[in-house]
1. As an exercise: evaluate Pro148 against (1) surrounded by 12 or more Cβ atoms within 10 Å (Cβ to Cβ); (2) over 21 Å from Val40 (Cβ atoms); (3) of a type outside the set (A, V, I, L, M, F, W, C) and give the number of the one condition it does not meet.
2. Of all residues being in a loop (DSSP other than H, G, I, E, B) and within 15 Å of the chain's Cα centre (by Cα) in the range 11-57, which is farthest from Glu135 (Cα to Cα)? Just the residue, please.
3. Taking the range 70-105, which residues are within 30 Å of Leu54 (Cα to Cα), of a type in the set (D, E, K, R) and part of a loop (DSSP other than H, G, I, E, B)?
4. Would you point out which residue out of Trp103, Trp65 is among the hydrophobic types (A, V, I, L, M, F, W, C) and surrounded by fewer than 16 Cβ atoms within 10 Å (Cβ to Cβ)?
5. Out of the residues in the range 151-200 that are modelled with pLDDT of 95 or more and of a type in the set (Ser, Thr, Tyr), which is surrounded by the fewest Cβ atoms within 10 Å (Cβ to Cβ)?
6. Gly97 - would you say it is at positive phi and not aromatic (Phe, Trp, Tyr)?
7. Under 7 Å between Cβ atoms, which residue pairs at least 6 apart in sequence (or on different chains) link something in the range 140-160 that is farther than 11 Å from Arg124 by Cβ with a partner that is small (Gly, Ala, Ser) and surrounded by 11 or more Cβ atoms within 10 Å (Cβ to Cβ)?
Amino acid sequence: MYRPAHFAEDRVEVLHELIRRRPLATLIARHGSSIDADHVPVLIDATAGPHGTLRGHVARANSLWRAVAEGSEVLAIFQGDSHYVSPAWYPSKQVDGKVVPTWNYVVVHARGPICYRHEPEWLRALVTTLTDTHETPRPERWRVSDAPADYVAAMLRAIVGFEIPLAGLTGKWKMSQNRSAADREGVAAGLTRESPDVRR
């Protein structure tokens, strides 16, 4: 990833927080002579390793766990907020007109070797934690135990778990840091007008 110094974000806790907020990973791996991508919700365990460990699962029917060998490096991409930036928002446009459009965005790249997990107890713990994580804020929470036990057992047999102990974690926060203070204020005002829900 091209990452000029003024856009670099290397604080592990900040990168982990984006993963928690936007847990749908684009998981990229080499499948033989081609490259493929899967979209998988994951959990980040900040306590496992210097960069943390990602955990998730795919359908057993998914070729990922057969085509990508245990220990192969994979890349998980987490996309945060993003928005088109119009040059019309820059006060400096009025000075010399030397402005162009751009795109501001927040992204995390997480790399590491993929390891597969098939143990029913591990898979049950994973799906329970995943479910609880996303159901906790809801007034009427659904729990894994709400489903019939034989149905849950069958669903667990239909998935393969994975762990990715992260060997590298890279963040890019491209938020007009390369512009003047006045231009940054102009971008903030433009974003507020067009997309008030964008987090800054």
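1. Here Pro148 clears every test but (1).
2. Taking the range 11-57 and keeping what is in a loop (DSSP other than H, G, I, E, B), we get 11, 22-23, 32-33, 42, 46-52.
Narrowing further to those that are within 15 Å of the chain's Cα centre (by Cα): 22-23, 42, 46, 51-52.
Numbers: Arg22: 15, Pro23: 14, Val42: 15, Ala46: 21, His51: 26, Gly52: 23 Å.
This residue is His51.
3. Passing the criteria: only Glu70.
4. Numbers: Trp65 fails: surrounded by fewer than 16 Cβ atoms within 10 Å (Cβ to Cβ).
When all the criteria are applied, what remains is Trp103.
5. Filtering the range 151-200 for residues that are modelled with pLDDT of 95 or more and of a type in the set (Ser, Thr, Tyr), the one surrounded by the fewest Cβ atoms within 10 Å (Cβ to Cβ) comes out as Tyr151.
6. Working: at positive phi: yes; not aromatic (Phe, Trp, Tyr): yes.
Yes, satisfied.
7. Every condition considered, the pairs that remain are Ala158/Ala59.
The values are calculated or read from the model by the stated rules, or taken from the named source; none is laboratory data. Computed from a predicted structure; not experimentally measured. As a convention, Cβ positions derive from the backbone with ideal geometry for all residues, glycine included, and neighbour counts pool all protein chains shown.
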